[in-house]
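Peer 1: Quick one: the structure is below, and I'll ask about it shortly.
The values are calculated or read from the model by the stated rules, or taken from the named source; none is laboratory data. Everything quoted here is computed from the prediction, not taken from an experiment. Cβ atoms come from the backbone with ideal geometry, glycine included; neighbour counts cover every protein chain shown.
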Amino acid sequence: MYFQEIYPPGIVIRCLNVVMNMPNRVYSRLTHGFGPVYDEFSETLILGSFPSARSREQGFFYGHPQNRFWKVIAAVYGEEVPGTDASADTLEKKRRMILSHGLALYDVIEECDIIGSSDSSIRNALPADIKSIIEASRIKRILVNGRTAEKYYVKYQEKQTGIKAIVLPSTSPANAAWHLEELTEAWRRVLQAADIQESGNRISLNGSQTHKVQRLSLNEICSGFIIKNNKA
């Protein structure tokens with residue numbers, strides 16, 4: 001009663017709703033739940049951190065409808081954006097999109113304690129076996145989707161693979177600072193540089209500066225854009 005006398009009824013109701021709908025803050029010990037996507041022709045490996053709750057439900061990568069990963073990849077390669085459902089047809093379209101462009105997908109963490117889908121809550125992580133994917137493919141470039149993926153890749157896998165990863169802005173809806181158009185442009189620059197890195201062609205970074213691609217690492221190729229704009 002005293003609480004209601006101080007605060008308007010509408011505020012009281014909203015506060016009660018927030019409390020009642022707060023997610024369970026209990027840690028769960030979870031395993032990844034599904035394997036990587038790659039084949040013997042894959043050249044670029046894209047690593048996330050750990051599957052979200054929705055991805056674990058679907059048994060496939062970036063299953064949350066608000067995660068912009070599939071929109072970005074489709075835009076970069078001029079493909080139709082796949083659906084957000086977990087049908088066999090949709091998952092197969094996503095798999096084909098990845099493999100047809102020489103890409104591979106996995107995450108840096110195989111098992112961890114986590115609260116829901118919160119990357120910031122991850123603890124007691126066990127790293128995924130990235131080296132076996134590299135040995136069974138042509139992978140020579142690794143991209144990490146966001147800073148959490150970078151953190152665990154550097155901690156657990158970089159020494160094993162001997163490959164320094166390129167950090168890309170996260171496609172997660174939590175990375176609200178990056179709009180879809182900005183994300184697409186950042187990912188496009190890196191993925192297109194990866195496509196032509198061995199060709200000796202020239203790539204424009206800022207409208208005036210060009211570089212001979214075969215003489216530079218991807219970090220050097222993309223530094224003018226990614227480092228300057230790295231918000232996530």
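Peer 1: Given the conditions (1) out of contact with any helix residue (DSSP H, G or I) (no Cβ under 8 Å at 6 or more places or on another chain); (2) modelled with pLDDT of 50 or more; (3) surrounded by fewer than 20 Cβ atoms within 10 Å (Cβ to Cβ), which single one is not true for Ser204?
Peer 2: (2)
Peer 1: Please determine, by comparing only the residues of the range 157-173 that are part of a loop (DSSP other than H, G, I, E, B) and hydroxyl-bearing (Ser, Thr, Tyr), which one is surrounded by the fewest Cβ atoms within 10 Å (Cβ to Cβ).
Peer 2: The extreme case among them is Ser172.
Peer 1: I'd like to check something: does the range 71-92 contain any residue that is touching a Ser or Thr at 6+ places or on another chain (Cβ under 9 Å), surrounded by fewer than 18 Cβ atoms within 10 Å (Cβ to Cβ) and among the aliphatic types (A, V, I, L, M)?
Peer 2: There is no residue in the range 71-92 that is touching a Ser or Thr at 6+ places or on another chain (Cβ under 9 Å), surrounded by fewer than 18 Cβ atoms within 10 Å (Cβ to Cβ) and among the aliphatic types (A, V, I, L, M).
Peer 1: Just to be sure I understand the filter: pairs with C-beta atoms under 7 Å, separated by 6 or more residues or on different chains, first member in the range 62-87 and charged (D, E, K, R), second member not in a loop (DSSP other than H, G, I, E, B). Which pairs pass?
Peer 2: Arg68/Leu180; Arg68/Leu183; Lys71/Leu180; Glu79/Met97; Glu80/Ala74
Peer 1: In the range 84-106, is there at least one residue being in contact with a His (Cβ under 8 Å, 6 or more places away or on another chain) and under 19 Å from Leu168 (Cα atoms)?
Peer 2: Within the range 84-106, not a single residue is in contact with a His (Cβ under 8 Å, 6 or more places away or on another chain) and under 19 Å from Leu168 (Cα atoms).
Peer 1: Output the residues belonging to the range 118-156 that are in contact with a strand residue (DSSP E or B) (Cβ under 6 Å, 6 or more places away or on another chain), buried (at least 19 other Cβ atoms within 10 Å of the Cβ) and of a type in the set (D, E, K, R).
Peer 2: Result: Arg141, Glu150.
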